[in-house]
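This report concerns only the one structure given below.
The values are calculated or read from the model by the stated rules, or taken from the named source; none is laboratory data. No experiment lies behind these values; they were computed from the predicted model shown. As a convention, Cβ positions derive from the backbone with ideal geometry for all residues, glycine included, and neighbour counts pool all protein chains shown. Keep in mind that these areas ignore ligands, DNA and RNA; they rest on the heavy atoms of the full protein, side chains included. Shrake-Rupley method; radii C 1.70, N 1.55, O 1.52, S 1.80 Å.
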Amino acid sequence: MENMQAVNSFDSAPVDFHNDPELAKFIHRFSQSEDDVARYQDGYRKLRSWAYGSLDLYKHELLHVLYPVFIHSFMDMVAKGHLQEVGYSESNFDKTFFKAFREDHELMHSCDLQKLEGVLSQSHLESKVNIKICQYSYDLLLQYLHKTQSTAMLGVINEHINFQANQLNQKEIHWGLLEDSLEERLEKAGGLLSDSEKTEEENEEGDVDETKKRSIEGGKQGSSTKKSTEVEQSILEDLRNRVQLSSVALPSVSFYTFLNTYNGLNCSSISHDGSLVAGGFSDLSLKVENDSSSSEQVLGPNGGKRSYTLFQGHSAPVYSTTFSPLGDFILSSSVDTTIRLWSTKLNANLVCYKGHNYPFSPVTRIWSMDRIQPLRIMAGHLSDVDCVQWHANCNYIATGSSDKTVRLWDVQSGECVRIFIGHRSMILSLAISPDGRYMASGDEDGMIMTWDLSSGRCITPLMGHTSCVWTLGFSCEGSLLASGSADCTIKLWDVTRSTKLPRNEEKSGANPNRLRSLKTLATKSTSVYSLQFSRRNLLFAAGVLSKNM
């Protein structure tokens with residue numbers, strides 16, 4: 001696939017582009033045409049329209065071809081002396097090639113485009129561009145170029161682009177949990193549920209022995225070990241008291257309602273134990289409330305009392321908040337393009353992470369808490385990334401976008417290893433099952449889709465919401481999925497039945513979605529912004545009262 005090939009028709013044999021003398025003469029003759037600029041502009045405009053109108057499954061690959069074609073078309077015209085036509089004539093500003101199409105690539109390649117504006121003499125790019133594309137996308141592109149006789153674009157692609165095979169959704173996914181994860185070790189040590197007090201006591205004695213061993217081995221790290229031990233004991237207690245949920249044993253729900261926000265609440269989040277609730281606001285603030293704050297109010301400005309902790313530092317509205325697993329830290333992201341790390345113990349801002357160039361972007365960045373520069377940059381979405389979710393083993397990260405797709409990225413390599421296509425509107429929420437095998441995604445139209453990460457296949461759509469699905473969450477054992485929506489409801493779904501649906505039932509005409517919807521919990525005109533299952537399988541939810549009652 002390294003050499004470009006021209007296809008005469010859908011069923012004819014391919015012709016080797018580089019070694020066919022007649023085709024070479026044909027391209028050369030057109031390249032000497034006096035109307036070079038018109039051919040480049042017309043060819044690129046038609047290629048652009050065709051790529052945007054292609055099937056969703058292949059559109060993301062075909063659109064990636066546009067940028068190198070745009071750049072090399074521009075460079076070819078400059079090399080042939082068409083400086084006025086490509087972008088340097090004020091009188092012809094609206095008709096120039098560079099000015100006409102640069103906006104398509106401004107978001108992802110603004111720095112490169114600024115440099116290209118300074119090109120005023122014959123120049124060229126030395127190396128070819130490598131683009132990964134699946135065989136079918138490659139064939140579609142060739143067929144289009146040949147049928148439309150786009151010789152200018154054909155020449156640019158053949159001379160400047162190398163296509164490399166990309167097996168769509170074929171790379172193996174290691175979806176299993178990490179062997180040394182805390183929960184895995186605690187489960188092996190004591191089990192999740194005890195059948196009797198005797199078994200509980202035996203397990204506790206075993207845990208105490210293990211704790212003593214770790215303390216001796218820790219030596220000088222005694223205080224750190226003690227803190228770690230306390231955390232493990234707390235988690236173990238939660239695991240032992242976990243309620244096993246199923247289609248006949250639904251969770252208890254605790255709902256937090258934001259009042260008097262005056263349409264200023266943009267997002268909310270809940271700590272894993274439900275003790276802390278945070279809200280991001282349009283007035284640039286982050287507010288965190290403790291569930292016991294009614295008895296422990298804080299002094300606000302002018303000597304008044306308030307029942308929350310106010311965090312200020314952002315210079316634009318806050319649109320996302322997330323608690324750390326233990327609730328001692330909280331992250332907030334803002335339209336000011338920064339992410340801030342706050343301590344809920346010190347009530348202070350610890351770090352400000354900078355790296356994004358735009359408040360909304362198709363690029364995803366990964367940071368480590370102890371570094372101010374991003375470790376990885378994932379680029380591939382065609383529009384804004386609206387939601388992000390870590391895989392259970394932290395080897396992968398899922399991103400949902402306004403381009404109606406979900407992508408799964410390998411954190412180590414930064415490569416996209418899965419693309420999930422099927423939604424018809426922007427994706428607003430994601431959740432990955434505790435065992436790492438399945439994913440759920442919710443969109444603006446109220447549709448929820450469940451996916452098998454290993455195969456990339458959609459298991460089943462879950463229909464029932466009538467508005468945006470803002471939040472999703474799996475129960476701790478993965479048997480139930482909870483969804484929260486702008487339609488002021490929480491829905492509980494039986495995902496065990498969804499993921500184990502027999503093939504013959506899948507292919508039958510019957511629609512089993514009604515059977516999978518276990519219960520709908522209606523709020524009092526409160527849009528549901530966030531959901532969180534605790535380790536004990538209690539469901540916490542939060543939202544804002546959308547109208548006066």
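Things worth noting here:
- Protection proxy ranking of 241-253, 425-437, 137-149 - average other beta-carbon atoms within 10 Å, highest first: 425-437, 137-149, 241-253
- Packing, as the average of other Cβ atoms within 10 Å across residues, places the peptides 99-107, 415-423, 151-159 in the order 151-159, 415-423, 99-107, highest first.
- Of Lys59/Lys99; Lys46/Lys404; Lys46/Lys99; Lys59/Lys132; Lys46/Lys147; Lys491/Lys524, pairs whose Cα-Cα distance is over 19 Å: Lys59/Lys99; Lys46/Lys404
- Largest accessible area first, the listed residues Asp112, Asp336 line up as Asp112, Asp336 when surface is computed with a 1.4 Å probe on the assembled protein chains.
- 3J(HN,Hα) along region 355-368, derived from phi through the Karplus expression 6.51 cos²θ - 1.76 cosθ + 1.60 where θ = phi - 60°, amounts to x, 6, 9, 9, x, 10, 8, x, 9, 10, 10, 10, 10, 9 Hz, with x in place of Gly and Pro.
- Geometric descriptor of region 324-435, per residue, is 114 Å³ (volume of the convex hull of the Cα atoms).
- Expressed as a whole percent, the accessible area of region 370-500 that falls on carbon and sulfur atoms is 47 (1.4 Å probe).
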